[in-house]
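Student: This is the structure I want to talk about, given as structure tokens.
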Amino acid sequence: MKSITVGSRGSRLALIQAESVMANIEKLNPSLEVGIRRIATKGDRNPHARLDNMAVIGVFVKELEEALLDRQIDLAIHSLKDMPTQIPRGLRLAAVTERLDPRDILVSRAAGLAVLAPGSRIGTGSFRRAVQLTTYRPGLEACSIRGNVDTRLRKVSSGEVDGVILAASAMARLGWEEKITEYLPVEHFLPAVGQGALGLESRSDDDAITELISPINHLPTWQSITAERAFLLALGGGCRAPIAALGTVNGTDLKLKGMVADVDGERILYDSAEGDALSPEEVGVRLAQKMLAMGASEFITEAKLG
């Protein structure tokens with residue numbers, strides 16, 4: 001193998017993410033030529049549509065997956081939180097990068113969430129974040145916004161909104177940590193499944209690529225996100241119900257925290273499960289079963305009907 005082509009969305013953040021993976025590949029394989037192909041996804045072409053109203057699951061990955069299957073690219077780099085739990089036949093999640101800070105953050109013109117004035121408008125494109133925001137601070141208004149990180153930050157500086165909630169990892173990769181007003185506590189703002197990690201997707205039959213990127217795979221992150229994705233899948237992931245999860249590995253111990261809310265954001269459930277990091281799927285499924293028994297099954301049914 002003399003060269004490979006990596007596929008990425010064309011946003012600044014996506015390209016930074018892809019280039020970081022490419023740099024790792026080139027460091028491990030100095031003689032290999034690594035190129036990049038920018039691919040626009042449905043989510044990129046519809047920047048003003050609400051994500052929870054888009055009919056197609058995987059709006060930020062589908063075109064990249066099609067390019068893989070068509071052999072236009074050899075490897076697709078995704079924000080792992082954008083990847084559906086069910087991967088198309090012929091493809092596989094081959095590796096994940098070491099997870100950065102998984103927390104959500106606030107960028108505000110004034111102060112932290114706890115002291116923002118009632119009625120303050122907080123922008124987010126995430127139903128999950130909106131539900132947790134209004135549960136934490138009922139007096140604040142969650143406003144639906146889309147666009148890349150630059151666009152969202154401009155909405156704060158222009159006064160269109162009083163603050164925005166974003167991923168800490170995105171701000172870190174862009175080198176904009178100094179813009180962060182507050183890191184939001186995970187006990188109130190549990191992140192999206194896979195948040196903070198990058199997913200490397202390849203063709204299932206491409207053993208050469210799998211072997212090439214295997215040294216990049218970060219085992220504790222892989223174990224954590226495997227539990228999170230198993231949790232989401234067991235709940236019927238992909239429906240509109242707000243769902244969040246965060247796995248943490250300490251040696252051979254894995255702890256998984258989960259959140260499920262109803263579509264109106266009026267009822268919200270949290271719980272956790274622990275188990276062997278060598279059996280992450282079992283931990284994820286067990287937590288899902290616990291939360292379904294607690295009433296999450298009703299939330300999921302409502303979301304599917306909606």
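The values are calculated or read from the model by the stated rules, or taken from the named source; none is laboratory data. No experiment lies behind these values; they were computed from the predicted model shown. Here the Cβ positions follow ideal geometry from the backbone for every residue, glycine too, while neighbour counts run over all protein chains shown.
Student: I'd like the residue in segment 240-289 that is outside any strand (DSSP E or B) and closer than 16 Å to residue 186 by Cβ and, out of all such residues, is modelled with the lowest pLDDT.
Tutor: The extreme case among them is 242.
Student: Continuing with this model, one more query. If residue 109 passes every condition in (1) in contact with a strand residue (DSSP E or B) (Cβ under 8 Å, 6 or more places away or on another chain); (2) modelled with pLDDT of 95 or more but one, which one does it miss?
Tutor: (2)
Student: Now, a different point. Condition first: within 23 Å of residue 165 (Cβ to Cβ), without any contact (Cβ under 8 Å) to a residue 40 or more places away in the chain and outside any loop (DSSP other than H, G, I, E, B). Can you find one or more residues in segment 97-119 that meet it?
Tutor: yes
Student: Taking residue 142, is it surrounded by fewer than 23 Cβ atoms within 10 Å (Cβ to Cβ), touching a helix residue (DSSP H, G or I) at 6+ places or on another chain (Cβ under 9 Å) and not assigned by TED's automatic domain parsing to the domain that holds residue 261?
Tutor: Yes: the conditions hold for residue 142.
Student: Could I ask something else about it? Which residues, taken from segment 118-171, are farther than 22 Å from residue 14 by Cβ and among the hydroxyl-bearing types (Ser, Thr, Tyr)?
Tutor: Matches in segment 118-171: 120, 134, 135, 136, 157, 158.
Student: Are any residues in segment 3-43 at pLDDT below 90 and surrounded by fewer than 17 Cβ atoms within 10 Å (Cβ to Cβ), and if so, which ones? Break it down stepwise before answering.
Tutor: Step one: list which residues in segment 3-43 are at pLDDT below 90, which gives 40-43.
Result: 40, 42.
Student: When you look at residue 134, is it outside the structural domain of residue 81 (by TED's automatic domain parsing) and in contact with a strand residue (DSSP E or B) (Cβ under 6 Å, 6 or more places away or on another chain), yes or no?
Tutor: yes
Student: Here's another thing I want to ask about it. Taking segment 1-42 on its own, how many of its residues are in contact (Cβ under 8 Å) with a residue 24 or more places away in the chain, assigned to a helix (DSSP H, G or I) and under 27 Å from residue 149 (Cα atoms)?
Tutor: 10
Student: Still on this structure: Could you tell me whether residue 164 is free of Cβ contacts under 8 Å to residues at least 60 places away in the same chain, among the β-branched types (Val, Ile, Thr) and over 30 Å from residue 255 (Cβ atoms)? Before the answer, list the steps.
Tutor: Details: free of Cβ contacts under 8 Å to residues at least 60 places away in the same chain: yes; among the β-branched types (Val, Ile, Thr): yes; over 30 Å from residue 255 (Cβ atoms): no.
No; evaluated as a whole, the condition is false for this residue.
Student: Next up: Of all residues in segment 123-139 being more than 21 Å from residue 173 (Cα to Cα) and among the β-branched types (Val, Ile, Thr), which is surrounded by the most Cβ atoms within 10 Å (Cβ to Cβ)?
Tutor: Residue satisfying both the conditions and the ranking: 131.
Student: Starting from segment 255-268, keep only residues that are at positive phi, then list their pairs with residues that are not hydrophobic (A, V, I, L, M, F, W, C) whose Cβ atoms are within a distance under 8 Å, requiring at least 6 positions of separation or different chains.
Tutor: Here the result reads 265/134; 265/135; 265/242, each pair linking segment 255-268 to a residue that is not hydrophobic (A, V, I, L, M, F, W, C).
Student: Filter segment 269-292 down to the residues that are crowded, with 22+ Cβ neighbours inside 10 Å and touching a residue at least 40 places away in the same chain (Cβ under 8 Å), then identify the one that is nearest to the chain's Cα centre (by Cα).
Tutor: 284
Student: On the basis of being within 29 Å of residue 138 (Cα to Cα), in contact (Cβ under 8 Å) with a residue 40 or more places away in the chain and crowded, with 21+ Cβ neighbours inside 10 Å, does residue 230 make the cut?
Tutor: So residue 230 does not fit the description; no.
Student: I need a count of the residues in segment 202-239 that are under 23 Å from residue 59 (Cβ atoms), of a type in the set (A, V, I, L, M, F, W, C) and assigned to a helix (DSSP H, G or I).
Tutor: 6
Student: Scan segment 102-111 for residues that are surrounded by 20 or more Cβ atoms within 10 Å (Cβ to Cβ), within 18 Å of residue 157 (Cα to Cα) and out of contact with any Ser or Thr (no Cβ under 6 Å at 6 or more places or on another chain) and jot them down.
Tutor: Within segment 102-111, just 105 meets the criteria.
One line per residue, one yes/no per condition, for (1) outside the structural domain of residue 241 (by TED's automatic domain parsing); (2) at pLDDT 95 or above; (3) among the β-branched types (Val, Ile, Thr); (4) surrounded by fewer than 18 Cβ atoms within 10 Å (Cβ to Cβ):
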position: 55; (1), (2), (3), (4): yes, no, no, yes
position: 68; (1), (2), (3), (4): yes, yes, no, no
position: 76; (1), (2), (3), (4): yes, yes, no, no
position: 83; (1), (2), (3), (4): yes, no, no, no
position: 86; (1), (2), (3), (4): yes, no, no, yes
position: 113; (1), (2), (3), (4): yes, no, no, no
position: 147; (1), (2), (3), (4): yes, no, no, yes
